[in-house]
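Each reported figure results from applying straightforward, stated rules to the coordinates on display, with no laboratory input. Treat the numbers as computed from the prediction; the structure is a model and nothing was measured. Note: ideal-geometry Cβ built from the backbone for every residue, glycine included; neighbour counts use all protein chains shown.
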Amino acid sequence: MTRISEQPFDGLSGRRVLYLTTVLPHGRQSGGEICSMNFIEALQNARCKVDVVGYEREDQSAPAPLPAGFSSPRRLVIESAQSPTRSALWMTHALLNARPFSVQKYVTREMMDLVRHKLRSSRWDLVIIDHIQAAWLLAALPDDLPVVYVAHNIEHRLYGAYENRVAKGLRGKAKSFAYRREARLVHDLERRTAQRAQAVWTLTDDDAAAFRSLADRGVPVRSFSVPGQRFAHVDRLPPPRTDIGLLGSWTWDINRVGLDWFLAEVVPQLPVDLNVVVGGKSRYAPGTQIGRVRFVGFVPDAGAFLRECRVVVIPTTIGSGVQIKTIETLSLGVATVATPIAMRGLRDVPSSVRVESDAARMSAAIEDLLHAQRGDGAEGRRWWEQRQATFQSQIKDALDDLLADARQHPNHQD
């Protein structure tokens, strides 16, 4: 059943932006959702009226009131692991429609009907396609309506990189085929989306360079310094309760491969008296203990979790875009050891960060930081504030360019 916020807009007189995404991001349950909210809030700060359309997550809780300007056609199961039967159905439809699996699970008649209703009921100055998985909705948009594509990753590269790492055997071959197919179809969809858009917004300079090649017709491509969420200010870091902490969404294969590498290659090289706590959804039930590693599941307060770690480890081995969990960890000024891939797109980072890709060097860096003096977090806070100011300025400049172009080529929707 379609749900639309009953709260009115706050009276802004700015441009109307229709923001089409996958999952309504106001709950900030993942890095992708936090990143989407960065863009939504920056657009609002730039005097835009933003109408966000996406699915609500299917869970056991009663529906809560939606924020002003948020709409959903229905609830939807998001994680494939939650419903193997539904995943098989998604794959069947994906094969029949020659569509990426990661896109197919978001395709519903209810979403298309809601988007078409929005297009008929209001005059829009701009439509934003947030995530490649929302790009199937381009079919509903008039050709003369300006579109921005927000690319969180170069997704076809992620699937291609993971395809080379799957296990051997019959199951491995099937998974390899699925990821190879996904990489090919997503690449084609990214290319077509970039060519349809009036602008492409990315999270790193490397991704921007890749999309300039994909767009292939002079489409403006910009990278943005997304800041992640702002945590409550503290005068000093609290006493640590955890030796080594990791935080992420580990149900996605792309993320899990880094965690698996850390557990298999780095943990055995660490002193046996250290404890390791893994926060975030994973294949293990909350409370599971495997040796010295404890899995605690979803973490409602990421800032508190990270601040209570003596050292935070970010063991990413495959990636594109920028990692929100990396930005947020750095913003707290906690001692951090990360792989080079985890640090992609980040510059002038706080001195509390060590970057290592080799397992032996990473374990040595962790031990060094465990014995180093604990900072107060001030350097990280200053780094975040500068990043936030830069991001808001980037959004304003990008909108000025887009809307100036729109004035030269006005949209004549009724």
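Quick notes
- In this structure, the amide hydrogen of residue 280, modeled 1.01 Å from its nitrogen in the peptide plane, lies closer than 5 angstrom to those of 248, 296, 297, 298, 299, counting only residues at least 5 positions away or on a different chain.
- Computed FRET value (nearest 0.05) for residue 364 with residue 289, which takes r as the C-beta separation and R₀ as 30 Å: 0.70
- Gain on full stretching of the segment that runs from residue 195 to residue 88 - 0.36 nm per residue minus C-alpha separation: 35.4 nm
- Averaging 1/r over every pair of different alpha carbons in segment 257-414 and inverting the result gives a Kirkwood radius of 17.7 Å.
- Protection proxy ranking for 264-272, 239-247, using the average of other Cβ atoms within 10 Å per residue and placing the highest first: 239-247, 264-272.
- ³J(HN,Hα) computed for each position of segment 69-79 - Karplus, 6.51 cos²θ - 1.76 cosθ + 1.60, integer Hz, glycine/proline x: x, 10, 9, 9, x, 4, 7, 8, 5, 9, 6
- With a Förster radius of 41 Å applied to the C-beta separation of residue 45 and residue 241, the computed FRET efficiency comes to 0.70.
- Modelled FRET efficiency - R0 25 Å, residue 107 with residue 175, Cβ distances, 0.05 increments: 0.65
- Charging the Cβ of each Asp and Glu at -1 and of each Lys and Arg at +1, and nothing else, the dipole of the chain about its Cα centre rounds to 920 debye.
- Shape descriptor for the chain: Rg over Rh equals 0.96 (Cα atoms; Rh from the Kirkwood inverse mean 1/r).
- Pairwise label distance in nanometres, residue 269 with residue 374, each label 7 Å out on the Cα-Cβ vector: 2.6
- Based on every Cα atom in segment 183-340, Rg and the maximum pairwise Cα distance Dmax equal 18.4, 58 Å.
- For the residue pairs 49/281; 325/396; 118/281; 49/175, alpha carbon separations beyond 31 Å are given by 49/281; 118/281; 49/175.
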